[in-house]
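First comes the structure, then the notes that go with it.
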């Protein structure tokens, strides 16, 4: 096989313990054969200590043989697509995700080429580190943002070479004493992943416990010191509408959460609700796995409008009424299914009844060439 998948999913102490299948698998493909590999292997080893959601499996695809030198983002995406078709990888294309990790500094500010790669990688989870993975590693040290990153912001963003290394790699080595491209000890930093994200995001441990790796890699690994431009309300609305316009049955969890927040729920209140019990976590997973694809933009908007009206009467804010809104969405899912079944039944009843092998010939007066038939009329006394 061209790759080796590193995982410790459901590792059992003995053969007498039950083997459980994961709800979703995340297959990691990394640009570097060393730095990222050292880190993610350790992260996988620490999954129980970090209390990563028990139904989520993380697998590192280690490139071997002729694929070992694949590192260009475009080649990585093609490599990922190739792996999807290999039966031995056991990748469920409806539920599982390919996570492709690469540095943005390879494009040297060429936004056109960068956007081409983002478009090419659609359908995968692109974990783009800016400017390089060493920035993410540096965040694993307490107070590193305030003491090292913020004061050197301009130099980090330029990330020019200083001698044989780029500025970000040299800054990390000066702090850690580790050459990340050669020393496997860099993987030990995975134990401090909570420190790496606490500056701007809620605890990554809480996110991993909920199994929300979509948000983890879209928001946390992509963490950088770029000042993002504000997005207008119309742009946000267009983005949400485009999510519903896709011919796609499975959503990413991050997309589900984005929709819920867009229509009015508070992000922190939603996170608290999800962390309360497994049932809440599973409902979001169910929405991602197929529930959202049964809605359209207008239906979701109507549900939120009804919820808003109800909360206005109570004099309470909608933003914190997470349980109320999610229960309303659950009821709407049932209503959508009922309406679909009713339409299907009405359509079937409007069509001429067709003769099948399981029908009986008795009572049939005439079979038509197209397979329909005419029933004999019942008469009095017969």
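Filter region 111-132 for residues that are under 24 Å from residue 250 (Cβ atoms) and part of a helix (DSSP H, G or I) and give the result.
117, 118, 119, 120 - these are the residues of region 111-132 that are under 24 Å from residue 250 (Cβ atoms) and part of a helix (DSSP H, G or I).
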Among (1) over 30 Å from residue 81 (Cβ atoms); (2) without any contact (Cβ under 8 Å) to a residue 60 or more places away in the chain - the single one residue 120 does not satisfy
(1)
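Across region 241-257, what is the number of residues that are assigned to a helix (DSSP H, G or I) and either under 22 Å from residue 323 (Cβ atoms) or outside the structural domain of residue 289 (by TED's automatic domain parsing) (or both)?
5
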For region 284-306, name all the residues that are part of a helix (DSSP H, G or I), buried (at least 17 other Cβ atoms within 10 Å of the Cβ) and in contact with a helix residue (DSSP H, G or I) (Cβ under 8 Å, 6 or more places away or on another chain).
284, 285, 287, 288, 291, 292, 300, 303, 304
If you take the residues of region 274-306 that are more than 19 Å from the chain's Cα centre (by Cα) and touching a residue at least 40 places away in the same chain (Cβ under 8 Å), which of them is farthest from residue 240 (Cα to Cα)?
304
Selection from region 70-82 of residues in contact with a helix residue (DSSP H, G or I) (Cβ under 7 Å, 6 or more places away or on another chain) and in a helix (DSSP H, G or I) yields 73, 74, 77, 79
Exactly one of 342, 310 is over 22 Å from residue 241 (Cβ atoms), in contact (Cβ under 8 Å) with a residue 12 or more places away in the chain and more than 24 Å from the chain's Cα centre (by Cα), and that residue is 310
Taking only pairs six or more apart or across chains, which ones have beta-carbon atoms under 8 Å, a first residue in region 146-169 that is not assigned by TED's automatic domain parsing to the domain that holds residue 181, and a second residue that is surrounded by 11 or more Cβ atoms within 10 Å (Cβ to Cβ)?
none
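To keep it simple, each residue is scored yes or no on (1) within 22 Å of the chain's Cα centre (by Cα); (2) exposed (fewer than 13 other Cβ atoms within 10 Å of the Cβ).
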position: 93; (1), (2): yes, yes
position: 106; (1), (2): no, no
position: 116; (1), (2): yes, no
position: 128; (1), (2): yes, no
position: 146; (1), (2): no, yes
position: 173; (1), (2): no, no
Say we look at region 258-271 and pick out the residues that are part of a helix (DSSP H, G or I) and touching a residue at least 12 places away in the same chain (Cβ under 8 Å); which of these is surrounded by the fewest Cβ atoms within 10 Å (Cβ to Cβ)?
268
Please work out which residue is modelled with the highest pLDDT, limiting yourself to region 195-204 and to residues that are surrounded by 15 or more Cβ atoms within 10 Å (Cβ to Cβ) and more than 20 Å from the chain's Cα centre (by Cα).
195
From the list 184, 180, which residue is outside the structural domain of residue 251 (by TED's automatic domain parsing), over 27 Å from the mean Cα position of the chain (by Cα), under 18 Å from residue 31 (Cα atoms) and surrounded by fewer than 20 Cβ atoms within 10 Å (Cβ to Cβ)?
184
Examine region 152-167 for a residue that is crowded, with 16+ Cβ neighbours inside 10 Å and in contact with a strand residue (DSSP E or B) (Cβ under 9 Å, 6 or more places away or on another chain), and state whether such a residue exists.
yes
Anything in region 83-105 that is without any contact (Cβ under 8 Å) to a residue 24 or more places away in the chain, within 19 Å of residue 120 (Cβ to Cβ) and assigned to a helix (DSSP H, G or I)? List them, or say none.
84
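The values are calculated or read from the model by the stated rules, or taken from the named source; none is laboratory data. Since this is a predicted model, take the numbers as computed values, not measurements. Don't worry about glycine lacking a Cβ; one is built from the backbone with ideal geometry, like all the others, and counts go over all protein chains shown.
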